[in-house]
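These notes are about the structure you will find just below.
Any read-out appearing in this document is the output of simple, stated calculations on the displayed coordinates, not a laboratory observation. Values in this document were obtained by computation on a predicted structure and should not be read as measured data. Cβ atoms come from the backbone with ideal geometry, glycine included; neighbour counts cover every protein chain shown.
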Amino acid sequence: MIAAVLALALQASSLPAEQDPIGDLIAAAGGDDEIAVTTVGEFRAFSGRCSGAFQEGGFLLCNYGPMTRVTLGDVTADADQDGWAALAIPRRAPESLPFRVEFTGAQAQAGVLVDEFREISQREYRLQRVDGVPQSTVTPDPSTLPRRQREYAQKQEAFNSTWDGQGFLDGFIAPADGRVTGVYGSARVYNNGDERGVHWGLDWANVTGTPVVAPASGLVTLAEPDMYYEGGLIFIDHGQGLVSAFLHLSAVHVEEGQYVEQGQLIGDIGAGGRSTGPHLDWRVKLRNQFYFDPQVLLDLDVTGLRGE
């Protein structure tokens, strides 16, 4: 690791100098002398450049400056022109994951910082029993297979969106009012049957027609009024492939390709698809890799990273 290389990458960062712990460490090391970041304790100054939750189902927004690549476990993010890089942690993860930052902005040279012992908080997930679900959405008739295959491909294409905006910097607000009836990560049993997968979203129950708004700004990549499993369905890419999905809508008020502002009306709560009653199921996925917990977005605070 070459101090001059790191310094060049950091000078390109949009963060103010007084909030630059990496620059401070370089200065303390004596300018162009070689730096050895070898222990977890030393690395904590660097990992402080991330905001979010180092936990199963967590989301992280990091800023180490432009032309950097940040890796946590198997998830890698290339920073955008302002240095922002989005990472997520799957529902099940080991207690520690390698955390790596590569500075790639100095021609053939590159500086690398590595923390091999980034602790990940473990979670316990409950089993949730849901009765009254339309049996056709639990064990579909084979005749519906072509439709389900077509809709699956449509959803995959929308999840692969790569909008270059920065809606994630808005922070996130709840997309609807209501009573929380389902949380991320719980295993589901439908109609007193066998366990059928995992609930990947955050549910709000309310009357049909309750407004649903964009939790952050972004680009609408899917807007369909009647999908087999989801009923009315909307996807919004908030930047870097961070995609929100809104399920079971009774009305869709946006179109694919439309830009929406935070708080803008996008749809109405409904009970379409695999549902026992009117509610919103909000899910979030990063670069079509896996779903993470929407609650961590509601708790996300990026003001420190933005220098505010």
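Distance between the modelled labels on residue 95 and residue 251, one decimal in nanometres: 5.2 nm (7 Å Cα→Cβ projection). The modelled label-to-label distance for the pair residue 80/residue 124, using points 7 Å beyond Cα in the direction of Cβ, is 3.9 nm.
Based on the Cβ-Cβ distance from residue 306 to residue 180, what FRET efficiency comes out when R0 is 45 Å, to the nearest 0.05?
Values: r = 29 Å, r/R0 = 0.65.
After rounding to 0.05, the efficiency reads 0.95.
Using the Karplus relation 6.51 cos²θ - 1.76 cosθ + 1.60 with θ = phi - 60°, the per-residue 3J(HN,Hα) values for region 86-92 come to 9, 10, 9, 10, x, 4, 10 Hz, with x marking Gly and Pro. Converting phi to 3J(HN,Hα) with the Karplus coefficients 6.51, -1.76 and 1.60 and the offset θ = phi - 60°, region 276-288 yields 9, x, x, 6, 9, 10, 9, 10, 9, 9, 10, 6, 6 Hz in sequence order, with x at every glycine or proline. Each label point was placed 7 Å from the Cα along the Cα-to-Cβ direction; for residue 145 and residue 187 their separation is 2.8 nm. With 5 Å bins beginning at zero, the pair-distance distribution over Cα atoms of region 127-298 amounts to 2, 9, 18, 23, 22, 16, 8, 3, 0 %.
Relative to the current alpha-carbon distance between residue 169 and residue 289, full extension at 0.36 nm per residue lengthens the span by 41.1 nm.
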